[in-house]
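Just so it is clear, none of the values below were taken in a lab; they were calculated from the coordinates. From a predicted model like this one, the values you see are computed outputs, not experimental measurements. Neighbour counts run over all protein chains shown; Cβ positions are idealised from the backbone, glycine included.
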Amino acid sequence: MTSRIISSDFSPPEVFRRGACHYLSSSVEKIPYSELMDKAVIPVQIKALVPTNAGCAVFLGNEEKVFVIYVDQSVGAAIGMFLSGANKERPLTHDLLAHVLAAVGAKVERVVINDLKSGTYFGRLILTAENELQQKKIIELDARPSDCMAMAAQQKAPIYVSRVVWEEVEDTSELLKQLQDGQQSGQGEG
């Protein structure tokens, strides 16, 4: 797992790379800001959640294209609860993480599904933090896309997909439309 810290203010940003195990170490590798900006992203939304035998299919996309990421049942249920605004008796794991972030002055700024290797998606959780002196920084963490989507749904943060992933994924717009049409015709009967 890796993390990035992008300066303590927003102008001009310096970017640092540290291994998660060495997060507090003094060795820091500077990354050119242009490296981050060269990674084009496409905004997407969660279009649908569909239960499967092995968990949940999360359909993500926009007007141009839709694709699917499969997640485990518990994270799929959490995403569904966050999207619907359901009240919970006790905090879920993602609620706990949001409380911890708030307690230290941080929040989820956005999430990026940034890579796809051998059928496995990779994600980045982008946090902003502000300390008591009003100093701001951006922190980028490696995270499972399922957790990224749950945190984005919980905190109403935008979701992005890297252009590289976007161009690689299969468009499942027609499949989603068929599933939605089948669900609507099933609801009309009875």
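In table form, for the structure just shown:
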{"read-out": "Asp171-Ile139 pseudo-label distance in nm [points 7 Å out on the Cα-to-Cβ vector]", "value": "4.0 nm"}
{"read-out": "Sites Gln184 and Lys88, calculated FRET efficiency, Cβ-Cβ separation with R0 30 Å, nearest 0.05", "value": "0.55"}
